[in-house]
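K.L.:
My structure is below; once you've seen it, I'll send some questions.
The values are calculated or read from the model by the stated rules, or taken from the named source; none is laboratory data. All figures in this text were calculated on a predicted structure; none of them were measured in a lab. Note that we place each Cβ from the backbone using ideal geometry, even for glycine, and neighbour counts take in every protein chain shown. To get the accessible areas, we keep the full protein, side chains included, count just its heavy atoms, and leave off ligands, DNA and RNA. Shrake-Rupley method; radii C 1.70, N 1.55, O 1.52, S 1.80 Å.
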Amino acid sequence: MKVEEFKKLAEKYTHKKVNSQERLAMDIFFSKMQEANKNVLVPISSEKREKLFYNIQQNLTIKRKRTPLKKYLAMAAAGFTTLLMLGFFTGMFSNNYTTIIAEKGEKKEIKMDDGSVIFLNGNSSITYENNFTEERTVKLQGEAFFKVARDTAHPFTIKSKDLETRVLGTSFNIKSYKDQVPMVSVNTGKVEVTPLKNPEYKVILTKDQQASFKENRKPKISKGDSRDFNAWTRKMIILKNISLEHTAKIIENWYDVNIQFADDSLKQLKITGKFNDEKLSNVLKSLALIKNLKIDSTNKKQIIIRKNPI
């Protein structure tokens, strides 16, 4: 495998766009990196490493029946050997960037060199240059809450989906998952948000203001308690008249599960409620009770929501 091919495959893996075969090759690569005690800029805990190795073994058992194992080992070994020779592997595939990922079911706190703190929600990632104090720019996928250290000489910029958010020193939440309408909520200070496709719709937000950005439309600005929008940093889920479909996305990222609807009409049901560090089973029981639903689990990761026939 050529270096450029491996870089593209690794980028797909980082953004979860790989198929099952490509994922297996990258899993093998990461396991080899760990065995060699090389620094991977996506930290892997001992618990994650054990889970990774288990998944590799399971996949190898299944794939061996379908495709020659040599293909996957060759892909991983080629990338591993080539990158060791060149001495480069980082989150953005150059020595100038770092990428940190919070998988589904995870939350991470990142302390930046400038004194800023970033709380990363599940199924999210940030990427930034290693000379961060000179160029305070972060690329975000997913959701994060920022506590930005004030530095008037170096504005703090977040690029997320189709938005660019600039601040000097403040705290705010950005939700920018690929399948959801982007939203920015401000806790303290002032935030400038520019839709990249429609820069004329740039807005300035202050404390307890929120803005949602639907494509090619003026942003919708509202006012509400900003603490509700970053309640996830305090292990709380706060739902205020939001759709069951949106609620399902929150639960998927929070508990690392997959939720399906037996009837699409259920997706538009509105949910209001508060869950304080609750177990998944308790959250599902509450939703079933509130909306008279039947919620089944085919296994620990697969959940199906149905109408209650009773």
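K.L.:
Return the long-range amide H neighbours of Asn258 (sequence gap of 5 or more, or a different chain), with a cut-off of under 5 Å between placed amide H atoms.
P.N.:
Gln302, Ile303
K.L.:
Give the carbon-plus-sulfur fraction of the accessible surface of the range 135-266 in %, rounded to a whole number; probe 1.4 Å, heavy atoms of protein chains only.
P.N.:
48
K.L.:
Here's another thing I want to ask about it. Calculate the dipole size of the range 219-297 relative to its Cα centre from +1 charges on Lys and Arg beta carbons and -1 charges on Asp and Glu beta carbons; express the result in debye to the nearest 20. Don't skip to the end; give the middle numbers.
P.N.:
Numbers: 14 positive and 10 negative charges, 76 e Å.
My answer is approximately 360 debye.
K.L.:
Next question, about the same structure. Once phi is turned into θ = phi - 60°, what whole-Hz ³J(HN,Hα) does the Karplus curve with 6.51, -1.76 and 1.60 give for every residue of the range 110-115, x standing for Gly and Pro?
P.N.:
Along the range 110-115, the couplings run 10, 9, 7, 5, 8, x Hz.
K.L.:
Excluding ligands and nucleic acids, what accessible area in Å² is computed for Leu293 using a 1.4 Å probe, to the nearest 10?
P.N.:
Here the accessible area works out near 10 Å².
K.L.:
For Lys207 and Asn96, what does the FRET efficiency come to when R0 = 41 Å and r is the distance between their Cβ atoms, rounded to the nearest 0.05?
P.N.:
0.70
K.L.:
Would you please name the GluC sites (Glu not before Pro) within the range 108-178 that are DSSP coil residues with at most 14 other C-beta atoms within 10 Å of their C-beta?
P.N.:
For GluC sites (Glu not before Pro) across the range 108-178 that sit outside H, G, I, E and B with at most 14 neighbouring Cβ atoms in 10 Å, the list reads Glu134, Glu135.
K.L.:
Please check which bits of the range 112-152 a label hung off Leu196 would reach, taking the label as a point 7 Å along Cα-to-C-beta and the cut-off as backbone N under 17 Å.
P.N.:
Under cut-off, by backbone N: 125-129, 136-144.
K.L.:
Once the whole set of protein chains is in place, how much accessible area is left on Arg227, using a 1.4 Å probe, in Å² to the nearest 10?
P.N.:
140
K.L.:
Write down the accessible area per residue of the range 169-284 in Å², having rolled a 1.4 Å probe over the full set of protein chains.
P.N.:
Numbers: 6060 Å² over 116 residues.
Heavy-atom SASA per residue in the range 169-284 reads 52 Å².
K.L.:
Per-residue HN-Hα couplings for the range 258-267, Karplus 6.51 cos²θ - 1.76 cosθ + 1.60 at θ = phi - 60°, whole Hz, x for Gly and Pro?
P.N.:
For the range 258-267, the Karplus-derived couplings read 10, 10, 10, 10, 6, 9, 4, 5, 5, 4 Hz, x marking Gly and Pro.
K.L.:
Any idea how far apart Asp225 and Asn131 come out in nm if each label point goes 7 Å out from Cα toward Cβ?
P.N.:
4.5
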